[in-house]
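Okay, so here's the structure we're looking at.
The values are calculated or read from the model by the stated rules, or taken from the named source; none is laboratory data. Just so it is clear, the model here is predicted, and its values are computed rather than measured. Cβ coordinates were reconstructed from backbone atoms using ideal geometry, including for glycine residues, and neighbour counts include every protein chain displayed. These area figures cover heavy atoms from the full protein model, side chains too; ligands, DNA and RNA do not enter into them. Shrake-Rupley method; radii C 1.70, N 1.55, O 1.52, S 1.80 Å.
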Amino acid sequence: MLVDGKWAETWQPVQQADDKGRFVRQVSSFRNWITPDGSAGPTGDGGFKAEAGRYRLYVALICPWASRTLIARKLKGLDDLIPITVVNPVMSDQGWRFGGYPGAGEDPLFGAEYLHQIYTRADPHFTGRATVPVLWDMKQGVMVNNESADILRMFDTAFDPLAPSDLRLYPQDLAPEIDALNAEVYDRLNNGVYKAGFASTQAAYDEAVAGVFETLDMLEARLTGDYLFGDRLTETDIRVFVTLIRFDAAYHGLFKTNRRRIADYPRLSAHMERVLTLPGVRETVNMDHITRGYYAIKALNPTGIRPAGPEHIDRLLGV
């Protein structure tokens, strides 16, 4: 991680845990918003107007948080407005790096070798982990935002004058319900699998894995329509999908969330496939990057050997 703008130690998957051995995720630091007219958003400062070609999105295809911004970018038709750079799926001793793997790009802006060098351009005294996604303003040369939840929502509305869309991922009439379900899904499923995988005590693991499967059971029962809010696709479906598509291939084995597979949940499996077939979503899922990245985490898999399959995911993705 970075300490006062200097790389201080070899990358480790767990930088912080509480006194009971629970994995603690870093809170995002850059919270400005792109808006149609450049006015300030819910957090941060103004000055970030929606413009074609002004912003670049840095992502890792292994990362579910980054992937939900990629899905929103696809569904909202922003490909031509917001270019992307994909980092190497394997964490180096200095965290995310550029190039060196099929599908990973070099940094086109500064020729940086590591993502943390982008962070110190944004803040020479930054302390913390250099995480993805990163939304960068190429006009002002500053980082706009590194919180995926914010980026997903600004993609939903900020660029409407440039790329009109009938799709609304965060409709205001459902906002309170979406916020409530998002909070549960994030804590007990999206982040819950990480809390299980990176737990440092049995009690912390037991608590996390129970939450994961209680949430999956709840979502399975809830899915009586095509999506989590009936027939309307929302950002919550995207938040759930990015965990579901990785679950059987990575979390089930590597993170020890192995009570059941997503394949054992008929409605969740159908939901995962339904979202995958939406226009552009399949392009955001790279199972080679996903399994290569997760199974290269030395703390969990010292040999780096990747398992074969699972076959049902390979078939679904046409591998």
- Query: A175 fails exactly one of the following numbered conditions: (1) farther than 15 Å from T243 by Cβ; (2) open to solvent by 20 Å² or more (accessible area, probe 1.4 Å); (3) part of a helix (DSSP H, G or I). What is the number of that condition?
  - Reply: (2)
- The one condition G309 fails out of (1) in a loop (DSSP other than H, G, I, E, B); (2) at pLDDT 95 or above; (3) of a type outside the set (F, W, Y) is (2)
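Would you tally the residues in the stretch 91-111 being surrounded by fewer than 19 Cβ atoms within 10 Å (Cβ to Cβ), part of a loop (DSSP other than H, G, I, E, B) and either in contact (Cβ under 8 Å) with a residue 12 or more places away in the chain or acidic (D, E) (or both)?
Start the filter on the stretch 91-111 by keeping residues that are surrounded by fewer than 19 Cβ atoms within 10 Å (Cβ to Cβ), which leaves 92-94, 99-103, 105-106, 108-111.
Subsequent filtering for residues that are part of a loop (DSSP other than H, G, I, E, B) retains 93-94, 99-103, 105-106, 108-111.
Imposing the further condition that a residue be either in contact (Cβ under 8 Å) with a residue 12 or more places away in the chain or acidic (D, E) (or both) reduces the set to 93-94, 100-103, 105-106, 108-109.
So the answer is 10.
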- Message: Return the residues of the stretch 229-254 that are without any contact (Cβ under 8 Å) to a residue 60 or more places away in the chain and open to solvent by 10 Å² or more (accessible area, probe 1.4 Å); say none if nothing qualifies.
- Response: F229, G230, D231, H252, G253, L254
- Any chance you could count how many residues in the stretch 222-239 are within 16 Å of the chain's Cα centre (by Cα) and within 15 Å of L268 (Cβ to Cβ)? 4
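Please indicate, with yes or no, whether at least one residue in the stretch 301-310 is closer than 24 Å to D206 by Cα and touching a residue at least 60 places away in the same chain (Cβ under 8 Å). Show your work before the answer.
The first filter runs over the stretch 301-310 and keeps only residues closer than 24 Å to D206 by Cα, leaving 301-302.
Restricting the remaining residues to those that are touching a residue at least 60 places away in the same chain (Cβ under 8 Å) gives none.
No, because not a single residue in the stretch 301-310 is closer than 24 Å to D206 by Cα and touching a residue at least 60 places away in the same chain (Cβ under 8 Å).
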- Message: Condition (residue is assigned to a loop (DSSP other than H, G, I, E, B), open to solvent by 50 Å² or more (accessible area, probe 1.4 Å), modelled with pLDDT under 95 and of a type in the set (K, R)) applied to the stretch 288-298: is it met by at least one residue?
- Response: yes
- Query: Counting only residues that are closer than 30 Å to F126 by Cα and either β-branched (V, I, T) or open to solvent by less than 40 Å² (accessible area, probe 1.4 Å) (or both), how many does the stretch 148-172 have?
  - Reply: 11
- Query: Only one residue in R54, R129 is of a type in the set (K, R) and closer than 26 Å to N191 by Cβ. Which one?
  - Reply: R129
- Note on the structure: Restricting attention to the stretch 195-209, the residues that are surrounded by fewer than 20 Cβ atoms within 10 Å (Cβ to Cβ), assigned to a helix (DSSP H, G or I) and touching a residue at least 40 places away in the same chain (Cβ under 8 Å) number exactly 3
- Message: Being open to solvent by less than 20 Å² (accessible area, probe 1.4 Å), in a helix (DSSP H, G or I), under 29 Å from G103 (Cα atoms) and not small (G, A, S) is the requirement here; does V212 meet it?
- Response: no
- Query: Out of curiosity, is I245 more than 27 Å from E177 (Cβ to Cβ), of a type in the set (V, I, T) and at pLDDT 95 or above?
  - Reply: no
- Return the total of residues in the stretch 119-128 being surrounded by fewer than 21 Cβ atoms within 10 Å (Cβ to Cβ) and in a loop (DSSP other than H, G, I, E, B). 4
